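The values are calculated or read from the model by the stated rules, or taken from the named source; none is laboratory data. Being a predicted model, the structure only gives us computed values, none of them experimental. For neighbour counting, all protein chains shown are included, and Cβ atoms are generated from backbone atoms with ideal geometry for every residue, glycine included. Just so you know, the surface numbers come from the protein's heavy atoms only, side chains and all, with ligands and any DNA or RNA stripped out. Shrake-Rupley method; radii C 1.70, N 1.55, O 1.52, S 1.80 Å.
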Amino acid sequence: MKKIVVLTGAGISAESGLSTFRDAGGLWEGYDIMEVASIDGWRRNPALVLEFYNMRRKAAYEALPNDGHKALAKLEKNFDVTIVTQNVDNLHEKAGSTNIIHLHGELFKSRSSLDEHLVFEMKELEIKLGDKCPRGSQLRPHIVWFGEAVPMLETAAKEVMKADIFIVVGTSLQVYPAAGLIDYVDHNTPIYVMDPKLPYVSPRANLKLIEAKAADGLPKLVEKLILNFE
Ligand code: OAD
């Protein structure tokens with residue numbers, strides 16, 4: 001079975017009603033990104049950060065996967081698929097994908113602010129000030145913030161290096177180190193980049209740019225890959 005690695009960003013969840021970060025009307029509007037998504041912001045104002053992620057968690061809980069997420073799940077019938085997502089929602093899981101690397105963490109997990117290895121599945125939709133881990137420290141969202149390392153990067157890079165086909169969808173490729181994963185792709189491997197507003201990708205031999213929304217473009221691309229590469 002050929003291996004397909006897919007790098008996804010906020011754009012794949014846009015048609016599920018979740019805002020992207022950098023489009024007009026994006027999520028950061030009204031919020032200072034460094035206040036709600038950085039380790040310094042957390043230290044300054046944990047209540048604001050908890051409120052922000054509680055709001056995002058509720059929105060993600062209510063959201064449903066769209067045809068883009070579903071197409072990627074379908075791909076597993078014919079390919080060995082790894083999804084590397086920058087998204088903290090669980091829409092790939094809800095669509096049925098089984099092999100997902102969350103580079104920037106997960107909304108439905110909490111963790112100790114004392115020990116990053118103490119991670120918990122959340123049973124409720126909110127983390128409140130005063131909710132403690134078993135070691136007595138405040139619980140925080142299990143999210144990789146600006147100013148923090150990306151622990152899953154190496155695992156993701158190893159998968160990307162093994163890809164026979166690489167797909168990038170719904171990311172502006174502006175946030176590193178995630179955006180740098182494309183440089184780990186073997187030079188013989190075809191790369192498909194799909195976005196209604198294509199991000200800049202340095203030219204290379206096997207690059208195919210597809211100007212499309214995920215819910216429309218991914219089902220078509222998946223059909224094509226199944227026909228061509230089986
Ligand atoms: P961005 O908001 O930077 O980029 C979203 C991309 O999705 C843009 O290129 C849009 O053109 C595209 N897009 C919009 N609608 C789409 C659709 N229907 N189908 C496909 N694409 C569409 O989001 P990311 O690149 O994911 O990090 O942002 C990367 C990281 O920045 C996030 O993971 C987050 C943020 O800071 C953390 O929270 C740590």
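Put simply, of Glu106, Glu126 the only residue that is more than 16 Å from the ligand (Cβ to nearest atom) and closer than 21 Å to Asn45 by Cα is Glu126.
Is there a residue being of a type in the set (A, V, I, L, M, F, W, C), in a loop (DSSP other than H, G, I, E, B) and buried (at least 17 other Cβ atoms within 10 Å of the Cβ) anywhere in segment 68-75? Checked segment 68-75: no residue is of a type in the set (A, V, I, L, M, F, W, C), in a loop (DSSP other than H, G, I, E, B) and buried (at least 17 other Cβ atoms within 10 Å of the Cβ).
Of the strands (runs of 3 or more DSSP E) lying entirely inside segment 155-230, those containing at least 1 residues that are within 16 Å of the ligand (Cβ to nearest atom) and without any contact (Cβ under 8 Å) to a residue 60 or more places away in the chain are 191-194, 207-210. Comparison of Ile83, Ile39 shows that the only residue that is in contact with a strand residue (DSSP E or B) (Cβ under 7 Å, 6 or more places away or on another chain) and either of a type outside the set (Ser, Thr, Tyr) or open to solvent by 30 Å² or more (accessible area, probe 1.4 Å) (or both) is Ile83. Output yes when any residue across segment 133-151 is basic (Lys, Arg), buried (at least 18 other Cβ atoms within 10 Å of the Cβ) and within 12 Å of the ligand (Cβ to nearest atom), and no when none is. Scanning segment 133-151 turns up no residue that is basic (Lys, Arg), buried (at least 18 other Cβ atoms within 10 Å of the Cβ) and within 12 Å of the ligand (Cβ to nearest atom).
Residues in segment 101-124 that are open to solvent by 40 Å² or more (accessible area, probe 1.4 Å) and within 24 Å of Ala157 (Cβ to Cβ): Glu106, Lys109, Glu116, His117, Val119. One residue stands out among those in segment 1-16 that are over 10 Å from the mean Cα position of the chain (by Cα) and near the ligand (Cβ under 6 Å from one of its atoms): the one that is least open to solvent (accessible area, probe 1.4 Å), which is Ala14.
Yes/no per residue for (1) charged (D, E, K, R); (2) assigned to a loop (DSSP other than H, G, I, E, B):
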| site | (1), (2) |
| --- | --- |
| Ile83 | no, no |
| Asp89 | yes, yes |
| Glu93 | yes, no |
| Arg111 | yes, no |
| Asp115 | yes, yes |
